[in-house]
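A.B. asks: Take this structure first; my questions come after.
The values are calculated or read from the model by the stated rules, or taken from the named source; none is laboratory data. Treat the numbers as computed from the prediction; the structure is a model and nothing was measured. With ideal geometry, Cβ positions are generated from the backbone for all residues, glycine too; neighbour counts draw on all protein chains shown. Heavy atoms of the whole protein, side chains included, go into the accessibility calculation; ligands, DNA and RNA do not. Shrake-Rupley method; radii C 1.70, N 1.55, O 1.52, S 1.80 Å.
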Amino acid sequence: MTNKEERPAGCVLRLFGAPEQTVQKAVAALPDTWQGTVHCRTRGAETLVALQSSTPQQLHRAVQLLRTSFAPALYGEGEQTLAAAAVQALEQHRKLLVCSDAAAGALLETRLENLPDAEKVFDFGAMSYANAARNARLSRKMRKAPQAEPARTLARVQAMQRLTGAALAVGCVELPHSRLLLVGGKKGCWLRCVSPDENPGLWLLDMLRRAACGLPQAGGTSWQPYGKAVPDTALMPAALTAVPLVPPRPKRRRLGKALAVLLLLALAALAAGWYYTGGDLAALPQKLQSLGAESLPHAGARLI
């Protein structure tokens, strides 16, 4: 009779924002001890990985390896949807989400309206863009904002986030041949430009899920601080295999490292002089002259 532990076991991992070739390479790199089967199905930016093994132990090891490889991209197992994963991430990390405009609301509301607990983390426009009083206050704050897009939507996302006190505010700029998605927090926005056939709503959900969990964004998503011009590169549809951009390190860190090196060199020179003169640094010029360094300046000398 077959033991319970020896019965076949299987599961489906759901990934979003992981390049198909990268997933295939990770599956091919499973150790030789893995005796199961793996089937991958890619639908745009979403990839489903079905694993079947002869024992639960083998399945568990394979799943753990793939989880390690695709931690930011892995959003669920089985029948879990990306929308449900986004709501779960917002709820677990206690993040309130609002939309700064109707275009962003149209991408999210139909996907979240029937999900349990969605109203706990998403206002469905009631406290943000669909609220007349809130919009009046927003209009007053936007009087000095840039008129050109996408700078205006970037400013609108920041203003809405401050007005509502929400942890995350989203916006959408409808460009001629693409859409620019914005997920904003306190200091800046994540930006991603996608073409209409790339399913912008799912990309926005994935950006929200990663932002709520503090995970790295998918390749091709860039970081934009508030108050700075949006670069032209952010307005081009992102390739799935692009390298993710992260907020740059402040220049003060580089200056601090340079000052630390200079301080170490100065201390080393001081220690050498102290050792050579026996603690009398004033005698250092005479010591150097005694070694034949007549060309070195000494006390009272002038440089011509």
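A.B. asks: In nm, give the distance between the simple-model label positions of Arg43 and Lys186, each being 7 Å from the Cα along the Cα-to-Cβ direction.
C.D. replies: 3.8
A.B. asks: Separate question: Which order do the peptides 119-128, 72-81 come out in when sorted by mean C-beta neighbours inside 10 angstrom, highest first? Show your work: numbers first, answer last.
C.D. replies: Working: 119-128: 19.0, 72-81: 16.4.
Highest mean packing first, the order is 119-128, 72-81.
A.B. asks: While we're looking at this one, here's another question. Which order do the peptides 257-265, 42-50 take when ranked by the mean count of other beta-carbon atoms within 10 Å per residue, highest first? Mind showing how you got there, number by number?
C.D. replies: Values: 257-265: 10.0, 42-50: 17.1.
The peptides rank, most packed first, as 42-50, 257-265.
A.B. asks: Another question, if that's okay. From largest accessible area down, sort Arg152, Arg7; use a 1.4 Å probe on the protein chains.
C.D. replies: Working: Arg152 65, Arg7 125 Å².
From most exposed to least exposed: Arg7, Arg152.
A.B. asks: Might you work out the accessible area of Leu59 for me, using a 1.4 Å probe with all protein chains in place, and round it to the nearest 10 Å²?
C.D. replies: That residue has around 20 Å² of solvent-accessible surface.
A.B. asks: With +1 on the Cβ of every Lys and Arg and -1 on the Cβ of every Asp and Glu, and nothing else charged, how large is the dipole of region 9-77 about its Cα centre, in debye rounded to the nearest 20?
C.D. replies: That gives a dipole near 40 debye.
A.B. asks: Can you sort Cys189, Cys11 by 1.4 Å-probe accessible area, starting with the largest? Mind showing how you got there, number by number?
C.D. replies: On the way: Cys189 0, Cys11 30 Å².
Output order, biggest surface exposure first: Cys11, Cys189.
A.B. asks: Measure off, as a whole percent, the carbon and sulfur share of the 1.4 Å-probe accessible area of region 9-77, all protein chains present.
C.D. replies: Details: 1840 of 3540 Å².
On region 9-77, the fraction of accessible area on carbon and sulfur atoms equals 52 percent.
A.B. asks: Mind listing the long-range amide H neighbours of Ala167? Cut-off is under 5 Å, sequence gap 5 or more, other chains count too, H placed in the peptide plane at 1.01 Å from N.
C.D. replies: Leu96
A.B. asks: Could I ask something else about it? Spelling out what I want: for every residue of region 39-56, take phi, set θ = phi - 60°, compute 6.51 cos²θ - 1.76 cosθ + 1.60 (Karplus), and round to whole Hz; glycine and proline get x.
C.D. replies: For region 39-56, the Karplus-derived couplings read 10, 10, 9, 10, 10, x, 8, 9, 10, 9, 10, 9, 10, 9, 10, 6, 9, x Hz, x marking Gly and Pro.
A.B. asks: Calculate one ³J(HN,Hα) per residue across region 230-235 by plugging θ = phi - 60° into the Karplus curve 6.51 cos²θ - 1.76 cosθ + 1.60, and present them in order as whole Hz with x for glycine and proline.
C.D. replies: 6, x, 4, 5, 6, 9
A.B. asks: Could you pull out every residue, at least 5 positions away or on a different chain, whose amide H is within less than 5 Å of the one on Gly76? Hs are placed 1.01 Å off N in the peptide plane, and Pro or chain starts have none.
C.D. replies: Under 5 Å from the amide H of Gly76: Arg14.
A.B. asks: Quick check on region 114-243: take the gyration tensor over C-alpha atoms, sort the square-rooted eigenvalues as a ≥ b ≥ c, and tell me if it's rounded (a/c under 1.5), prolate or oblate. Could the numbers behind the result be given before it?
C.D. replies: Numbers: a/c = 1.69, a/b = 1.19, b/c = 1.42.
Verdict is oblate for region 114-243.
A.B. asks: Can you list residues from other chains, or at least 5 along the same chain, whose modelled amide H is less than 5 Å from the amide H of Cys193?
C.D. replies: Leu181, Ala238
A.B. asks: Among the listed pairs Lys120/Lys186; Lys25/Lys95; Lys95/Lys187; Lys25/Lys187, which have their C-alpha atoms separated by more than 25 angstrom in this model?
C.D. replies: Numbers: Lys120/Lys186 21 Å; Lys25/Lys95 35 Å; Lys95/Lys187 16 Å; Lys25/Lys187 36 Å.
Going by Cα-Cα distance, Lys25/Lys95; Lys25/Lys187 fall outside the 25 Å limit.
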